[in-house]
Amino acid sequence: MARKLIAAVAFAIVVSVSGTLAQERHLQEISVQGTGFFTKDSNGNGINQHATDTGGLLVSYRYHFNRWLAADGSYGYARNTQQNFTDSGPFSVQANVHQATGALVVTAPRRIFKLSPYVLAGAGALVFDPTGKSGGFVSGAERQGKAAFVYGGGADYDLSKHFTLRAEYRGFVYGRPDFGLAALHSGATAHTAQPSAGIVFRF
């Protein structure tokens, strides 16, 4: 009888501790980050292309399957000018850049100097939407989406049970936009670097 009672008490303790740990581990998070948006120059078909450096915003939702694996869905916004230098002269298109991506995130199982580092990789799209602003518009330029590969990494620093500081880098690889204009088609592959920092809310 005593053995059964001890076993029952031990089982109750294990269940209680497991439940407490499950409650303490937050599976979901939302983050808001300020970003930089820096695109490497490229060229092709006799066209030299440059994009102005700018800043933007990144909003992400992340769901943790366990301590080391998570899924991330993100939306970002920036505005820059795509400058194209051709034999016919320069052509510039100012555009709002929308990004929508999904990625898998692998987090280090243990903190390093109070930091939780992680890496990520996934895919999505960048949508370039001309603003039509005078001096930054080419007649016939259309909204255009480009498939993109995204990779990167970052680190979180806990401020409290629910809030964390985040520093992150994301790189995008995609086809250079031509806005549906043959005169601006270079066929080049573009690379954009997006460093960011912001705050995370876990729940």
Failed criterion for A183 (all others in (1) farther than 30 Å from N45 by Cα; (2) in contact (Cβ under 8 Å) with a residue 60 or more places away in the chain hold): (1)
Just checking, does the stretch 81-88 include any residue being of a type in the set (G, A, S) and open to solvent by less than 40 Å² (accessible area, probe 1.4 Å)? no
Just to be sure before I move on: is G132 under 30 Å from Q94 (Cβ atoms) and not hydrophobic (A, V, I, L, M, F, W, C) in the structure I sent? yes
Cβ-Cβ distance below 8 Å, separation of 6 or more or different chains: which pairs start in the stretch 111-140 with a residue that is closer than 22 Å to G175 by Cβ and touching a residue at least 24 places away in the same chain (Cβ under 8 Å) and end on one that is of a type in the set (S, T, Y) and in a loop (DSSP other than H, G, I, E, B)? F137/T131
Determine if the stretch 57-76 includes at least one residue that is under 18 Å from V173 (Cα atoms) and over 18 Å from the mean Cα position of the chain (by Cα). no
Which one of these does Y75 not meet: (1) without any contact (Cβ under 8 Å) to a residue 40 or more places away in the chain; (2) part of a strand (DSSP E or B); (3) open to solvent by less than 50 Å² (accessible area, probe 1.4 Å)? (3)
Residues of the stretch 152-203 satisfying the condition of being of a type in the set (S, T, Y) and surrounded by 14 or more Cβ atoms within 10 Å (Cβ to Cβ): Y157, T164, Y169, Y174, S186, T192, S196
Find the residue count for the stretch 73-96, including only residues that are out of contact with any helix residue (DSSP H, G or I) (no Cβ under 9 Å at 6 or more places or on another chain) and either within 24 Å of L120 (Cβ to Cβ) or among the β-branched types (V, I, T) (or both). 8
Would you be able to tell me the number of residues in the stretch 37-71 that are over 22 Å from L184 (Cα atoms), in a strand (DSSP E or B) and open to solvent by 10 Å² or more (accessible area, probe 1.4 Å)? 9
Residues of the stretch 109-137 being modelled with pLDDT under 95 and either open to solvent by less than 40 Å² (accessible area, probe 1.4 Å) or closer than 25 Å to N45 by Cα (or both), in sequence order, are G135, G136, F137
Every residue from the stretch 152-179 that is among the charged types (D, E, K, R) and either more than 16 Å from A123 (Cβ to Cβ) or free of Cβ contacts under 8 Å to residues at least 24 places away in the same chain (or both): D156, D158, K161, R166, E168, R176, D178
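The values are calculated or read from the model by the stated rules, or taken from the named source; none is laboratory data. All values reported here derive from a predicted model rather than from experimental measurement. In this analysis, Cβ positions are derived from the backbone assuming ideal geometry, glycine residues included, and neighbour counts consider all displayed protein chains. These area figures cover heavy atoms from the full protein model, side chains too; ligands, DNA and RNA do not enter into them. Shrake-Rupley method; radii C 1.70, N 1.55, O 1.52, S 1.80 Å.
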